[in-house]
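For reference, the structure is listed below as structure tokens.
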Amino acid sequence: MSDSLVEARLGKIEALKARGIDPFPARVPASERIDGVLRRHGGLAAEEHSGARVGVAGRLMARRQMGKASFLDLRDGSAKIQIHAAADRLGDEAYRGICDTDVGDFLHIAGEVFRTKRGELTVAAESWTFLAKAIRPLPEKWHGLKDVELRYRHRSLDLLSSDETRERFVRRAKMMETLRSELTRLGFLEVETPSLHPIPGGTTARPFATHHNALDVDLYLRIALEIYLKRALIGGLDRVFEIGKCFRNEGVSTKHNPEFTMLELYQAYTDYEGMMRLAESLVGAVFQAAVGSLVVDYQGTRLDFSPPWHRVAMLDAIAETSGLDLGTLTAPEIVAAAKTKGIGVPNLSRTQLIEHLFDRFVEPTLIQPTIVTDYPVEISPLAKRRADAPHLTERFELFVMNMEIANAFSELNDPVDQRVRFEDQERLRAGGDEEAQRIDEDFLFAMEHGMPPTGGMGVGLDRLAMLLSNSASIRDVILFPALRRKDEA
RNA sequence: GGGUCGUUAGCUCAGCCGGUUAGAGCACCUGACUUUUAAUCAGGGGGUCGCUGGUUCGAGUCCAGCACGACCCA
């Protein structure tokens, strides 16, 4: 087994100790990040010596040994640099010591920066220090980890051996940084709200349930950030946002992870039209920062995020794609109309039929960024009704590549209507719909003291990160995605 | 939940129609080598072929079940 490799490495640890060298020292000689060294000495010509001494610390990634001299590749979190170790410069004992290190170990190297005749910027080691020992070999240096299961289960190794994987998470970090700086610039305040909710609210989804022993109450991991953020907004924090994990006890797929990251923001004195403009500008800023362009390739499809995005009302989109003009048709009339067009549909409520037809005909067509507006009131219990069509709401969802990326409303701020909506949801729950929302009296109590007209939006950041990093699966943009437990032994 | 495919050394992969002791490259060990960069050259060690059962004179290979994963579908 691999144990022979591990045992050999453990033997090296003992050998280091026997020579009085700590294989895991706490102190590190002065060092600077490798990218800084590369930048500062980038102007050196081939075979030119800088005369400058530097200290660098990092992981040994490769070794090319030629007897009494070796080239090593040392990498830190910023970059990689070549080290030249030679017996005549280091002395025989130090050279033998550095030859005894393994790829994967951490070393500190001090020496002069020069450029080799082949043109590679290199540190000519004058002294070195052991920083930490690795007792298992790194993945294959050229192919890295190809088995996706290993990549997800052992992400540290994937990150070490794949520049593409690193780049995905760099882009994700730029996305987060840009969202925070843009929203802050616009006067939004970042807040944190509870993850443990007595009533899982803000959307329809199955929650994870847990129990607080000391308080002896059942609690749920949040499925959305919405309700508490609106309570903060009612309190006068009238431009707020939160970036946080939400949890849904549902299936796992290339587009779903049971815990995922949401951005939710609420802005008083605007509406869903304002949210459309904000979505365009925020997403644009993110693409500009992380990719440098509003036009990107995603899995072979060219996506153009330049504003304004296509906008279409839900029922219009259904009419365009299915040929079914639902108008004010009742559910049985819709089923009949579908039949005359040769479309078989299940026997559902009017709203469920709308959702069904949308999923079946419209969603597959939504490739370029598209804002779908005017959702039925029954499935939008927290959104304001359209004044001219009270069965519809001022709500939109952003779709890209058939994926729902964002969801936004003119927020319902009428506490009387909000109570009616909750009661409608409770009726659905009583009728067996486990995901229907529940009356939240604390939320209503706050709203009853007055809530300003508000636009709010939620953005699925993992999916946005997929688009930014050309990732086919949500697992590629989550460092440690949910996987089934694999029993050892 | 259903279908298809996959699982062989630490990693990347071969392994044909079921037939001797399961191979290669990287990594590792030994030796040579002072400008290499997937260094090179010579030699060596390393395997519960995912797990369990079945068919067979004989199973990495065929069959069934299970586990894990990927993709597609609901």
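The values are calculated or read from the model by the stated rules, or taken from the named source; none is laboratory data. Not measured: the values here are computed from a predicted model. Note: ideal-geometry Cβ built from the backbone for every residue, glycine included; neighbour counts use all protein chains shown.
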query: Failed condition for A:Phe445, given (1) away from RNA strand B (no atom under 16 Å from the Cβ); (2) in contact with an Asp or Glu (Cβ under 8 Å, 6 or more places away or on another chain), with all others met?
result: (2)
field: Selection status of A:Ala132, of a type outside the set (Ser, Thr, Tyr) and more than 10 Å from RNA strand B (Cβ to nearest atom)
entry: yes
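Table: residues versus (1) modelled with pLDDT under 95; (2) over 24 Å from A:Ser410 (Cα atoms); (3) assigned by TED's automatic domain parsing to the domain that holds A:Asp476.
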site: A:Thr203; (1), (2), (3): yes, no, yes
site: A:Leu219; (1), (2), (3): no, yes, yes
site: A:Tyr228; (1), (2), (3): no, no, yes
site: A:Thr254; (1), (2), (3): yes, yes, yes
site: A:Met262; (1), (2), (3): no, no, yes
site: A:Val286; (1), (2), (3): no, no, yes
- line: In the set A:Glu250, A:Glu242, the lone residue that is touching a Ser or Thr at 6+ places or on another chain (Cβ under 9 Å) and either touching a residue at least 24 places away in the same chain (Cβ under 8 Å) or in a strand (DSSP E or B) (or both) is A:Glu242
message: So the check is Cβ under 8 Å with 6+ separation or different chains; which pairs have a first residue in the range A:131-144 that's farther than 15 Å from A:Leu5 by Cβ and a second one that's near RNA strand B (Cβ under 7 Å from one of its atoms) and of a type outside the set (D, E, K, R)?
response: A:Lys141/A:Ala62; A:Lys141/A:Val103
message: Against the definition (more than 20 Å from A:Leu461 (Cα to Cα), within 16 Å of RNA strand B (Cβ to nearest atom) and either in contact (Cβ under 8 Å) with a residue 60 or more places away in the chain or aliphatic (A, V, I, L, M) (or both)), how does A:Leu159 come out, yes or no?
response: yes
- prompt: Among the residues of the range A:122-140, is there at least one that is surrounded by fewer than 17 Cβ atoms within 10 Å (Cβ to Cβ) and of a type in the set (S, T, N, Q)?
  reply: yes
Sole residue being without any contact (Cβ under 8 Å) to a residue 60 or more places away in the chain, within 11 Å of RNA strand B (Cβ to nearest atom) and either more than 14 Å from A:Leu38 (Cα to Cα) or not assigned by TED's automatic domain parsing to the domain that holds A:Arg53 (or both), chosen from A:Asp100, A:Asp88: A:Asp88
field: helices (runs of 4 or more DSSP H) contained entirely in the range A:90-203, each with at least 2 residues that are farther than 30 Å from A:Gly55 by Cβ
entry: A:148-153, A:163-185
task: Filter the range A:282-305 down to the residues that are farther than 19 Å from A:Ala173 by Cβ and surrounded by 13 or more Cβ atoms within 10 Å (Cβ to Cβ), then identify the one that is nearest to the chain's Cα centre (by Cα).
output: A:Tyr298
query: Does A:Arg485 qualify as being over 17 Å from the mean Cα position of the chain (by Cα), within 16 Å of RNA strand B (Cβ to nearest atom), exposed (fewer than 13 other Cβ atoms within 10 Å of the Cβ) and not hydrophobic (A, V, I, L, M, F, W, C)?
result: yes
message: Condition (residue is modelled with pLDDT under 95, farther than 25 Å from A:Met276 by Cβ, in a loop (DSSP other than H, G, I, E, B) and among the aliphatic types (A, V, I, L, M)) applied to the range A:418-436: is it met by at least one residue?
response: yes
message: So if I check each of A:Val28, A:Val56, which one is in the same structural domain as A:Ala124 (by TED's automatic domain parsing), away from RNA strand B (no atom under 13 Å from the Cβ), surrounded by 15 or more Cβ atoms within 10 Å (Cβ to Cβ) and not aromatic (Phe, Trp, Tyr)?
response: A:Val56
